[in-house]
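Participant: Here you go, one structure.
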Amino acid sequence: MKNRSLLMIPGPIEFDSAVLAAMGAPTTGHLAPNFVEAFGQALERTRTLFQCKEGQPFVLAGTGTLGMDTSCANLIEHGDAALVINTGYFGDRIGAILERYGAAVTHIRPAAGQHPSLAEVEQALKTGHFKVMTITHVDTSTGVLADVKGLAALGQKYGVLVIVDGVCSVAGEDLNMDAWGVDVAFTASQKAVGVPPGLALAVASPKAMAAFKNRKTPVGSYYSDWANWLPVMQAYEARKSAYFGTPAVNLVFALNVSLGQILQEGLEARFARHVRISNAVKAGITALGMGQVPQSDSIAAHTMTAPRFPAGINGADLVPAVSKAGVTLAGGLHPDIKSEYFRIGHMGVVNQNDVLATLGAIESGLAACGYKFEPGVGMSAALKALTGS
Ligand code: PMP
């Protein structure tokens, strides 16, 4: 009997075997010609993925939080004002990082599961003299999908630098830095980018790089300082080598494989696949009588789903019961509603069999928790959504 759990949390995710093979290949030196070529290509592909033709890519060893840290460290000087569009736990985190670098931070923080109106954001931008505005594209604690296009347009109108946390979105949700006017976006390898944890990917627009170059004071973090990394990124892209900190060689090889697959699939096709998969998961959850944390479909992410526990079961029992049935899911994260919901990640190489297996395991878990429903109703709704029948 197979004894393997399907990993359906919002990162890390299931990885493609070619990506894992690159992780397991003998490590080369960071100056080896094949590594120089792979890193150079990965940087070019990162720029394409973020849809930012003139942007400066940075691929660093670290997690998504390093992406948050570098963005804030390099753009904030003591006393700058920052506006955080806070749709959950990761809005709080970026607010804390901005404060650490000396920013005066204002949060627009609707209740968990909600998205602020553009009018409310515009009102704040009108009066706040902000240098930066941050947006969490998909806040993984709520599954809320932010209106980056609408918010970034406002940011540009009021002359602020727009920073997007794309950790739970890039390579799964459309994020078009050029078309939407995003100045810095970042993600981490372990989510829709499809590479084991350990890399932070960021792209800075020419406007963001100019703001960085015009700083009056040194960057408050040595490791995060773009001045240290820029010559390295430029060198590898020119197929030369340079050193500041040893690159995560195997992860970079794996990243290049995954980015190749992503671009081969095509960004539009990939985003459409994430929508299809997400619709099927959400149809199954709804058919099983569960609500979701995001207040409406239009603000629900396509990379994950955040179902509320149905009435009449002890929520704490469900995720372990689903795990027993072979699928690993995540519990709640947002402190205000932590015990009321759970989370399903569906990004990267996820396919329709994964969706059906996940709903099957959720049904098994619900049954084990004593929930009354018609067996198969969730899987059937998902299948109908997948096949359009
Ligand atoms: N932002 C978001 C939206 C995230 O989901 C996460 C990780 N779950 C992070 C930032 C931080 O990433 P990491 O855990 O890789 O540091």
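Participant: Label the chain by shape, choosing from rounded, prolate and oblate, from the square roots a ≥ b ≥ c of the eigenvalues of the Cα gyration tensor; if a/c is under 1.5 it is rounded, and otherwise prolate applies when a/b is larger than b/c, oblate when it is not.
Facilitator: oblate
Participant: Applying a 10 Å radius around every beta-carbon, put 317-325, 272-280 in order of their mean neighbour count, most first.
Facilitator: Peptide ranking by packing, descending: 272-280, 317-325.
Participant: Go through segment 180-247 and name the trypsin sites (Lys or Arg not before Pro) that are in a DSSP coil and have 14 or fewer other Cβ atoms within 10 Å of their Cβ.
Facilitator: Sites meeting the loop and neighbour criteria: Arg215, Lys216, Arg239, Lys240.
Participant: Is segment 327-389 best put as rounded, prolate or oblate by its Cα gyration tensor, with a ≥ b ≥ c the root eigenvalues, rounded for a/c under 1.5, and otherwise prolate when a/b is larger than b/c, oblate when not?
Facilitator: Oblate, since a/c reaches 1.5 and b/c is not below a/b.
Participant: While we're looking at this one, here's another question. Using only Cα atoms and rounding to the nearest 10 degrees, what angle (0 to 90) does helix 64-75 make with the longest principal axis of the chain?
Facilitator: Between helix and principal axis, roughly 30 degrees.
Participant: What is the Cα radius of gyration of segment 102-171 over 2.2 N^0.38 Å, N being its residue count?
Facilitator: Ratio of Rg to 2.2 N^0.38 Å for segment 102-171: 1.07.
Participant: Mind jotting down the distance between the C-alpha centroids of segment 314-348 and segment 206-270, whole Å?
Facilitator: 34
Participant: Quick one: net charge of Phe342's neighbours, Cβ under 15 Å, K/R +1, D/E -1?
Facilitator: +2
Participant: Placing one identical point scatterer on every Cα of segment 259-325 and ignoring solvent, what is log10 I(q)/I(0) from the Debye formula at q = 0.19, 0.21, 0.23, 0.27 Å⁻¹?
Facilitator: -0.84, -0.93, -1.01, -1.19
Participant: Oh, and also: Points 7 angstrom from Cα along the Cβ direction at Leu263 and Thr27: gap in nanometres?
Facilitator: Here the answer is 2.7 nm between the modelled labels.
Participant: In what order do Glu44, Glu374 fall by count of nearby beta-carbon atoms within 10 Å, going from fewest to most?
Facilitator: The order, fewest Cβ neighbours first, is Glu374, Glu44.
Participant: Is the C-alpha gyration tensor of segment 1-115 telling us rounded, prolate or oblate? Criteria: a/c under 1.5 is rounded; beyond that, a/b larger than b/c is prolate, otherwise oblate.
Facilitator: Oblate, because a/c is 1.5 or more while a/b does not exceed b/c.
Participant: Next up: Give me Met209, Met8, Met347, Met379 ranked fewest to most by other Cβ atoms within 10 Å of their Cβ, as a rough exposure proxy.
Facilitator: Fewest-to-most Cβ neighbours within 10 Å comes out as Met209, Met379, Met8, Met347.
Each value in this text was obtained by applying a stated rule to the coordinates, not by laboratory testing. Keep in mind that this is a model prediction, so the values were computed, not measured. Counting neighbours? That spans all protein chains shown, and the Cβs are built from the backbone with ideal geometry, glycine included.
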